[in-house]
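The values are calculated or read from the model by the stated rules, or taken from the named source; none is laboratory data. Keep in mind that what you see is a predicted model, and the values were worked out from it rather than measured. Virtual Cβ from ideal backbone geometry, glycine too; neighbours counted across all protein chains shown.
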Amino acid sequence: MANYIKIILRIFLLLLFSFLTLGCASFKPANIDETTGQFPASAEVDKQYIKIYQPLAGIKEANYVYLLARSPYGNDKFYSFMKDALIKIGFKKVYSRKELSQLVIKSGLSTYITDLSDPISLNNLAKATGPFIILDSNVFPVADVVFRFDVQVIEPLSGDTYLEISRIRTNWLDMDKEINYPILNVIKQWHDESAKLPYEKHNAKMPKEGTI
């Protein structure tokens, strides 16, 4: 009976700790370990959660990442977390929707690019500014201590998706190590494999006015 009570108490304490850490979801920036070449995760992403995994030739030519980051624990905090990780992974620049809108206006492209959620506008933007990728990320709870982390990487010139992850995982002790960093490691692996592929440059151009 005493052992049974101890087990119940231990489970209760673990759940209590999880609930206490649930609200902030952490989003603590981490460095890539020089030995492993990965973020310090305590778990890996099972293959069943990786829906699409196709390395993208020419990833080194991507001028920037258009990052979309959504979380009920704070979009700004999650965006900063993802941006920090993407820079460490090796991407040149990372822009938010607001920053990209300013770029469009300053570049005099607002005639062609009217909606940064529209695939055609994003296609035209890639033709005007050079290649970039769109990384759409979203992390949210689906139960008391269960989280879902979705990531989608799209290349706007083709409109194709090259990486798609949709992972559901219970968070017992550390949100970052169990939920967040494992996803970052998949993104890093995808980026590194993409960077090794041979690539032939293609000079895409904006269509003339009136042809869109």
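Any residue in region 193-202 that is outside any loop (DSSP other than H, G, I, E, B), in contact with a Pro (Cβ under 8 Å, 6 or more places away or on another chain) and over 14 Å from Leu68 (Cβ atoms)? Scanning region 193-202, I find at least one residue that is outside any loop (DSSP other than H, G, I, E, B), in contact with a Pro (Cβ under 8 Å, 6 or more places away or on another chain) and over 14 Å from Leu68 (Cβ atoms), so the answer is yes. Look at Tyr53 and say whether it is modelled with pLDDT of 95 or more, surrounded by fewer than 19 Cβ atoms within 10 Å (Cβ to Cβ) and in contact with a helix residue (DSSP H, G or I) (Cβ under 8 Å, 6 or more places away or on another chain). So Tyr53 fits the description; yes. Name the single residue that is surrounded by the fewest Cβ atoms within 10 Å (Cβ to Cβ) among those in region 103-134 being in a loop (DSSP other than H, G, I, E, B) and β-branched (Val, Ile, Thr). Result: Thr111.
Every test in (1) surrounded by 21 or more Cβ atoms within 10 Å (Cβ to Cβ); (2) part of a loop (DSSP other than H, G, I, E, B) is passed by Val139 save one, and that test is (2). Inside region 72-82, can you point out the residues that are out of contact with any Ser or Thr (no Cβ under 8 Å at 6 or more places or on another chain) and either assigned to a strand (DSSP E or B) or at pLDDT 95 or above (or both)? Matches in region 72-82: Ser80, Phe81. For Ser194, the conditions (1) more than 25 Å from Leu56 (Cα to Cα); (2) modelled with pLDDT of 90 or more are fulfilled apart from (1). Applying the selection to region 70-117, what residues are more than 18 Å from Asn138 (Cβ to Cβ) and of a type in the set (Val, Ile, Thr)? Across region 70-117, the qualifying residues are Ile87, Ile89, Val104, Ile105, Thr111, Ile113, Thr114.
Regarding Tyr95, is this residue over 14 Å from Leu184 (Cα atoms), of a type in the set (Phe, Trp, Tyr) and modelled with pLDDT of 95 or more?
yes
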